[in-house]
Amino acid sequence: TRTPVNVTVTGAAGQIGYALLFRIASGHLLGADVPVKLRLLEIPQGVKAAEGTAMELDDCAFPLLKGIDIFDDPNKGFEGANVALLVGARPRTKGMERGDLLAANGGIFKPQGQAINAHAADDIKVLVVGNPANTNALIAQQSAPDVPAERFTAMTRLDHNRALSQLAAKTGASVEDIKRLTIWGNHSATQYPDIFHAEIAGKNAAEVVADEAWLADTFIPTVAKRGAAIIEARGASSAASAANAAIDHVHTWVNGTAEGDWTSMGIPSDGSYGVPEGLISSFPVTCKDGKYEIVQGLDVNAFSRPRIDASVQELVEERDAVRELGLI
Ligand code: NDP
């Protein structure tokens, strides 16, 4: 029998946590044959609700779920963690400036990075979901100098999945016929969903669409502002789709991308495509044997270049702001 994989989830009592934990426990995160132990991390006020979720998890009698522990101390929550999903974050509230938001999140992600550095397992893989995800991931990564930087990633898979779905609807294709789509940059309204290298049933997606106005005026803003549209419709932010994307991100990272396809992940830049080294930016990546690699050699055209640059510029500004705050 396999040793259970320790999965730490922060913000476990939140909306996304509620949609995420049951799927981890039922084998969707790592595989149908991989036992897991859950370590739920919450702030003290969230512990009681997390206990309620844990009771429901017990009541599912998931064969793969080998234990649930609940913590309000990151040093304990990340002990022995093989996978960490950092979901809990300080949301932007009315009247809050970006600096305040970054400072509040620095207060969360810095100690969590330090706790990961000190207590996580050697093979730790981290996914940051809580916003601003890329910069929160950067803060955690910079606070964990003994962990290889590439183990810290930020989620742009929801943007990727949203783009797949919009492109499928526009062209009448099925999502599984679409390959090689890319989200570049920040998980924010500046992100750039790129279809110029994508293929739909083997044909170039931009040629199939053949409508640059649709790309610029409909596709890109629809993908980038989808979160706000969901809040408007549902009266609450997206949760199940965000949880689904977190599952997809880790599953692909661990189990690999399909031959001939790639995915999008926010990862520390190695300088590729003009993205300053060290920034956590979304790139096209292939995954194999638990490791990812940036897809190299793509031609970035005149439509794409300024859009990638604008999103990367926002990441530079966020990095500079957290540097000024002494968080990195
Ligand atoms: P959610 O579970 O809905 O969201 C959690 C985080 O995910 C937010 O930062 C949210 O960003 C982000 N997010 C990223 N992508 C998406 C997306 N596509 N749709 C929606 N959200 C997205 O928040 P809740 O308020 O329900 O729960 C948060 C929980 O975290 C609470 O239980 C709280 O106690 C806990 N918490 C735990 C901490 C810890 O463990 N140390 C620290 C802080 C909070 P955005 O705000 O931009 O929507």
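The values are calculated or read from the model by the stated rules, or taken from the named source; none is laboratory data. A quick note: this is a predicted structure, and the numbers were derived from the prediction, not measured. Cβ atoms come from the backbone with ideal geometry, glycine included; neighbour counts cover every protein chain shown. These accessible areas exclude ligands, DNA and RNA; they are computed on the full protein's heavy atoms, side chains included. Shrake-Rupley method; radii C 1.70, N 1.55, O 1.52, S 1.80 Å.
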| request: Restrict the check to segment 171-180 and report whether at least one residue is within 19 Å of residue 213 (Cα to Cα) and of a type outside the set (Phe, Trp, Tyr). | output: yes
| task | Just one of (1) surrounded by 14 or more Cβ atoms within 10 Å (Cβ to Cβ); (2) under 23 Å from residue 132 (Cβ atoms); (3) in the same structural domain as residue 187 (by TED's automatic domain parsing) trips up residue 274, so point out which. | result | (1)
| message | Given the options 86, 38, name the one that is within 30 Å of residue 323 (Cα to Cα), touching a residue at least 24 places away in the same chain (Cβ under 8 Å) and within 14 Å of the ligand (Cβ to nearest atom). | response | 86
| message | I'm checking my understanding of the structure. Among residues of segment 127-155 that are in a strand (DSSP E or B) and more than 17 Å from residue 327 (Cα to Cα), which one is farthest from the ligand (Cβ to nearest atom)? | response | 153
| Hey, which of the strands (runs of 3 or more DSSP E) in segment 1-80, taking only ones fully inside, have at least 3 residues that are of a type outside the set (Val, Ile, Thr) and over 29 Å from residue 91 (Cα atoms)? | 65-71
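Give 95, 113, 106 a once-over and let me know the one that is outside any helix (DSSP H, G or I), more than 9 Å from the ligand (Cβ to nearest atom) and assigned by TED's automatic domain parsing to the domain that holds residue 150.
The match here is 95.
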| query | Considering 302, 321, which residue is more than 21 Å from the chain's Cα centre (by Cα) and part of a helix (DSSP H, G or I)? | reply | 321
| message | Tell me the residue from 54, 13 that is in contact (Cβ under 8 Å) with a residue 40 or more places away in the chain and either open to solvent by less than 10 Å² (accessible area, probe 1.4 Å) or of a type in the set (A, V, I, L, M) (or both), please. | response | 13
| task | Please work out which residue is farthest from the chain's Cα centre (by Cα), limiting yourself to segment 144-159 and to residues that are in contact (Cβ under 8 Å) with a residue 60 or more places away in the chain and open to solvent by 10 Å² or more (accessible area, probe 1.4 Å). | result | 149
| query | Using beta carbons and a limit of 7 Å, which pairs, at least six apart or on different chains, have the first residue in segment 290-316 and among the small types (Gly, Ala, Ser) and the second one part of a loop (DSSP other than H, G, I, E, B) and open to solvent by 40 Å² or more (accessible area, probe 1.4 Å)? | reply | 304/196; 310/190; 311/190
